[in-house]
Every structure is written in C-alpha cells, then in structure tokens.
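Everything below concerns the one structure shown next.
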Amino acid sequence: MSGAERLIIHVRNTRGYKPADAQHIREYIKREAPNTIGVNVRVSTKRIEVDATTPNPRELIEALRKLGAIIDRGPKNLLELLGEERYWEAHELLEEEWRNTEPPARDRIKALIKTVAAMAKLQEGWPDKARRILSTIKANGIDIECVEGELEKAWQGVRSDIIPCIDIGYILGVEGGQEATHAPRHKGPGGSGGDRGWKDNSEED
C-alpha cells in the first residue's frame with residue numbers, strides 16, 4: 001500500500017485483556033481502522049502491543065484510544081524488555097546480537113530467540129504454536145520446564161517472568177551479557193521507536 005508505514009504502538013491494558021483476547025482485538029482494529037493492514041496484536045498483563053502497517057496513523061490511533069491510553073514504549077535494553085513482558089521487541093534485539101555473534105554463543109542466542117518467540121506467539125493468542133516453538137529448543141542455558149510454566153501463567157493473564165528461566169551470562173558470554181544488560185537501546189522496526197506525541201500518559205509501568 002502506497003505511503004503505508006509499519007508502527008508498533010502500546011496501549012495500557014487496564015481492562016484485564018488476556019492473550020486469548022488478542023484475535024478479538026485484532027478484528028476490532030480491522031473493523032475500526034479499515035485502512036490498517038498486517039495487524040498483529042500481543043497482549044501482556046500491562047500492555048497491548050499493536051504491530052500494524054497503515055497509511056493513516058491517525059485512524060489507527062483513534063481506534064486504539066478506545067481500548068486504553070497510548071503509552072510510551074521508550075528505548076529499552078534486553079532485561080528491561082523481558083521484565084516488561086515485551087517479548088517481540090526482545091526477539092528483535094536478540095536477532096541483532098545473533099547476527100554479530102560467532103559459534104558457539106550464536107547457537108545459545110538462537111535458543112533464547114526461540115524462547116522469546118514462543119512467549120510472543122502466546123501473547124498473540126496461539127498457545128499451541130508457542131508450545132511447538134518451545135519443543136524445538138535445545139536447553140543451551142534455558143530451563144525449558146520453567147519457561148513452560150511461564151507460558152501457562154501468561155495464558156491465564158498472570159504476569160510472566162522468564163528471566164529466572166535463562167542464564168544470560170552463559171548464553172551471551174560475559175561481555176555479551178553485560179552488553180545486553182546495560183547497552184543496546186531498542187528503538188523498534190525501521191528505527192521508528194518514538195511515539196511521536198501519540199502517548200496519552202508518560203507514567204512508567
């Protein structure tokens with residue numbers, strides 16, 4: 001679609017939406033913002049993440065404001081993203097790390113990428129697909145049983161936390177672990193991490 005751009009927008013989840021509601025929210029967006037295409041919705045305990053392409057951002061924003069306040073994504077590092085259940089953004093950040101890493105750490109990072117991808121897929125409302133992704137992971141510093149428990153919690157609408165399930169230092173190595181904890185600040189696809197004044201509330205989660 002000419003002039004369309006991809007946006008990732010976060011809405012505060014104040015109505016108790018769960019991942020099982022993601023597809024219903026997606027249908028709502030398609031109905032209320034019909035110019036929007038390629039809509040993905042991920043639901044966590046505090047945020048609804050909408051990943052969509054549209055030639056009419058205002059139409060999309062107005063539709064989303066009916067769901068809740070638009071909140072600031074803000075640049076985050078890996079552990080902050082994981083701690084806020086922002087698994088797709090963590091996935092994209094890890095992809096960057098993976099491309100710049102040599103084996104054997106590369107294989108360990110790939111396992112972590114699959115782990116956060118499974119969590120993100122569950123947030124999209126696809127628990128079976130999430131479990132299938134998880135079943136392909138070799139441990140590599142990841143406690144699979146622990147992650148399975150977090151998947152179940154997330155599906156029930158309870159805050160998930162996979163940080164205790166993963167050994168960041170082992171997966172990324174000493175330098176990589178420190179870098180992921182303190183350095184790369186994620187700005188989202190195409191560098192469009194800013195919220196362009198759309199946010200309704202700057203309060204931190």
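The values are calculated or read from the model by the stated rules, or taken from the named source; none is laboratory data. None of these values were measured; they are calculated from a predicted model. In this analysis, Cβ positions are derived from the backbone assuming ideal geometry, glycine residues included, and neighbour counts consider all displayed protein chains.
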Checklist entry - What number of residues in segment 1-54 are assigned to a loop (DSSP other than H, G, I, E, B), surrounded by 22 or more Cβ atoms within 10 Å (Cβ to Cβ) and among the basic types (Lys, Arg)? => result 0
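Tally the residues that are of a type outside the set (Asp, Glu) and either in a strand (DSSP E or B) or closer than 15 Å to residue 84 by Cβ (or both), restricting the search to segment 159-171.
First, pick out the residues of segment 159-171 that are of a type outside the set (Asp, Glu): 159-160, 162-166, 168-171.
Subset that is either in a strand (DSSP E or B) or closer than 15 Å to residue 84 by Cβ (or both): 159-160, 162-163, 166.
Looking only at that region, the number is 5.
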Next on the checklist: When you check residue 110 against the structure, is it surrounded by 14 or more Cβ atoms within 10 Å (Cβ to Cβ) and under 26 Å from residue 4 (Cβ atoms), yes or no?
Outcome noted: no
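Here is a yes/no grid of residues against (1) assigned to a helix (DSSP H, G or I); (2) at pLDDT below 95; (3) crowded, with 18+ Cβ neighbours inside 10 Å:
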{"site": "90", "(1), (2), (3)": "yes, no, yes"}
{"site": "94", "(1), (2), (3)": "yes, no, yes"}
{"site": "103", "(1), (2), (3)": "no, yes, no"}
{"site": "122", "(1), (2), (3)": "yes, no, yes"}
{"site": "125", "(1), (2), (3)": "no, no, yes"}
{"site": "133", "(1), (2), (3)": "yes, no, yes"}
{"site": "139", "(1), (2), (3)": "no, yes, no"}
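Going by the conditions given, is residue 58 charged (D, E, K, R) and either closer than 18 Å to residue 25 by Cβ or in the same structural domain as residue 166 (by TED's automatic domain parsing) (or both)?
Values: charged (D, E, K, R): yes; either closer than 18 Å to residue 25 by Cβ or in the same structural domain as residue 166 (by TED's automatic domain parsing) (or both): no.
Judged against the criteria, residue 58 is not a match.
Conditions tested, residue by residue: (1) under 13 Å from residue 64 (Cβ atoms); (2) of a type in the set (Val, Ile, Thr).
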site: 10; (1), (2): yes, no
site: 22; (1), (2): no, no
site: 27; (1), (2): no, no
site: 36; (1), (2): yes, yes
site: 45; (1), (2): no, yes
site: 48; (1), (2): yes, yes
Next on the checklist: Please go through segment 6-16 and give me each residue that is in contact with a helix residue (DSSP H, G or I) (Cβ under 7 Å, 6 or more places away or on another chain) and under 12 Å from residue 47 (Cβ atoms), ordered by number.
Outcome noted: 8, 9, 11
Item to check | Condition broken by residue 117, with the remaining ones in (1) closer than 28 Å to residue 169 by Cα; (2) crowded, with 18+ Cβ neighbours inside 10 Å; (3) not assigned by TED's automatic domain parsing to the domain that holds residue 167 satisfied | outcome: (3)
Checklist entry - Can you pull out the residues in segment 60-74 that are exposed (fewer than 15 other Cβ atoms within 10 Å of the Cβ) and either modelled with pLDDT under 95 or not in a loop (DSSP other than H, G, I, E, B) (or both)? => result 62, 65
